[in-house]
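Working notes, beginning with the structure itself.
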Amino acid sequence: MSRNILLLPGDGIGPEIVAEAEKVLHAINNKFDLNLGFESALVGGAALDAVDNPLPEDTLDKARKADAILLGAVGGPKWDGLPMEKRPEKGLLGLRSNLELFANLRPAILYPQLASASSLKPEVVSGLDIMIVRELTGGIYFGQPRGVRELENGEREGYNTYVYKESEIRRIGRVAFEAAQQRGKKLCSVDKANVLEVTVLWREIMNDLQSEYPDVELSHMYVDNAAMQLVRAPKQFDVIVTGNMFGDILSDEAAMLTGSIGMLPSASLNSEKQGMYEPCHGSAPDIAGKGMANPLATIISAAMMLRYSLGEEQAAAAIEAAVNKVLDQGLRTADIMSEEGTRVSTHEMGDAVLAAL
Ligand code: IPM
Ligand code: MG
């Protein structure tokens with residue numbers, strides 16, 4: 001039976017980088033006889049422009065039926081002034097919540113070939129390999145009530161609600177403990193339990209779960225300290241688990257430790273292991289259409305998709321090996337350029353990965 005991949009290029013550099021990943025997927029499909037079928041659909045600003053809805057019914061429908069989804073990026077200044085429900089980001093958030101993609105895996109890995117790209121000293125980051133497990137369908141991103149209201153004195157007040165149910169904490173905790181078991185067996189849960197009740201509960205549930213995973217060493221850290229420790233001594237971390245908003249912030253920070261956010265993939269999974277895969281970097285509207293974007297994060301996301309949602313380990317490893325080969329060859333897009341590198345365009349980078357395959 002053919003397996004169905006939905007491509008959602010989205011906005012900004014999204015279409016350029018997804019096109020390169022699609023080329024690679026077609027090649028790997030032939031090479032390993034994977035029987036993949038491809039469809040595409042609109043999301044984000046592209047969908048707003050076409051049908052005035054950041055997440056059209058047709059897109060959601062295709063997403064529900066897909067075995068896996070590869071997304072480029074959404075958003076850009078063109079749509080910034082729109083009301084909240086008409087923002088491109090609503091397309092992405094709607095996909096996450098409708099498909100219940102609660103587990104967001106964001107690795108931050110320093111590629112040895114790119115060690116000089118980090119703004120931190122080589123000895124602080126060399127060998128860095130952290131996995132951030134971010135809860136993705138709850139917390140303050142989705143909590144009700146939310147909005148802007150008018151007070152009696154006529155002043156306006158904005159409000160959001162930070163909520164987590166026990167069951168939501170437990171299921172993301174399990175994903176994180178299991179990830180830690182597969183890796184260095186260390187899990188750090190990040191919260192703000194000195195101030196926020198919701199994260200007091202978070203900490204309690206994580207402690208509870210620990211007894212089911214006696215081989216994993218659990219620690220806790222307040223989010224402000226975690227932000228500091230990530231730049232002070234990032235190699236102390238193996239797996240980090242945290243809520244939606246803290247995870248949003250810390251994963252950008254962790255990505256930048258590697259100096260190359262253009263290299264980092266992510267996976268968002270539900271309990272059926274159906275997944276949406278996307279680069280961590282966003283739509284980069286300032287360089288869109290210039291052939292400058294780095295397609296490698298999207299190509300590595302495609303590898304992650306083959307591994308986690310389609311069970312095609314060999315094909316995934318082949319893509320990763322090809323990426324390593326082009327890095328060894330010194331090929332660099334602008335974001336990871338260094339003195340010794342050879343500067344290539346988005347398209348040339350995609351072609352080089354194809355050739356390496
Ligand atoms: C991310 C992004 C999104 C988020 C935006 C685009 C809604 O920053 O995936 O980290 O905040 O989750
Ligand atoms: Mg973010």
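Return a whole-number percent for the relative contact order of segment 129-257, with Cα pairs under 8 Å and 6 or more residues apart as the contact set. Let's see the in-between values first.
Details: 206 pairs, mean separation 47.5, N = 129.
37 percent.
With contacts defined as alpha carbon pairs under 8 Å and 6 or more residues apart, what's the relative contact order of the chain in percent?
Relative CO of the chain lands at 21 percent.
Heavy atoms only, probe 1.4 Å: what % of the accessible area of segment 129-257 goes to carbon and sulfur, would you let me know?
Of all accessible area on segment 129-257, carbon and sulfur atoms account for 49 percent.
Relative contact order of segment 263-357: what whole-number percent is it, with Cα pairs under 8 angstrom and at least 6 residues apart?
26 percent
Name the aspartates and glutamates eligible as straight-distance cross-link partners of Lys290: C-alpha to C-alpha under 15 Å, and not fewer than 8 places from it in the same chain.
Straight-distance partners of Lys290: Asp11, Glu16, Glu20, Asp335, Glu348.
Please work out how much length the chain gains when fully extended from Asp215 to Asp129, using 0.36 nm per residue of separation minus the C-alpha to C-alpha distance, in nm with one decimal. All intermediate terms of the calculation are to be shown ahead of the outcome.
Values: separation 86, 0.36 × 86 = 30.96 nm, distance 1.97 nm.
Between Asp215 and Asp129, full extension yields 29.0 nm more.
In debye to the nearest 20, how big a dipole does segment 129-257 give about its Cα centre with +1 on each Lys and Arg Cβ and -1 on each Asp and Glu Cβ?
280 debye
Any chance you could get the radius of gyration and Dmax over the Cα atoms of segment 152-202, in Å?
Computed over the Cα atoms of segment 152-202, radius of gyration and Dmax are 16.5, 56 Å.
Starting at 0 and stepping by 10 Å, how many percent of the alpha carbon pairs of the chain end up in each bin?
Calculated over all Cα pairs of the chain, the distribution is 5, 24, 33, 26, 10, 1, 0 percent.
Taking the DSSP beta bridges in the chain as the whole, what percent of them are antiparallel, to the nearest 5?
40 percent
Positive end of the dipole of segment 129-257, charges at C-beta (+1 Lys, Arg; -1 Asp, Glu), about the Cα centre: which of Trp202, Gln229, Gly138 has its Cα farthest in that direction?
So the residue furthest toward the plus end is Gln229.
Using the heavy atoms of the protein chains alone and a 1.4 angstrom probe, what is the accessible area of segment 129-257 per residue in square angstrom?
Dividing the accessible area of segment 129-257 by its residue count gives 49 Å².
What whole-number volume per residue, in cubic angstrom, does the convex hull of the C-alpha atoms of segment 129-257 give?
Dividing the Cα hull volume of segment 129-257 by its residues yields 114 Å³.
Determine which lysines satisfy two conditions relative to Lys186: a Cα distance under 18 Å, and not lying fewer than 8 residues away in the same chain.
Straight-line reach from Lys186, under 18 Å: Lys235.
The values are calculated or read from the model by the stated rules, or taken from the named source; none is laboratory data. All of these numbers come straight from a predicted model, not from anything done at the bench. As a convention, Cβ positions derive from the backbone with ideal geometry for all residues, glycine included, and neighbour counts pool all protein chains shown. Each accessible area value is taken on the protein alone, full model and side chains, heavy atoms only, with ligands, DNA and RNA left out. Shrake-Rupley method; radii C 1.70, N 1.55, O 1.52, S 1.80 Å.
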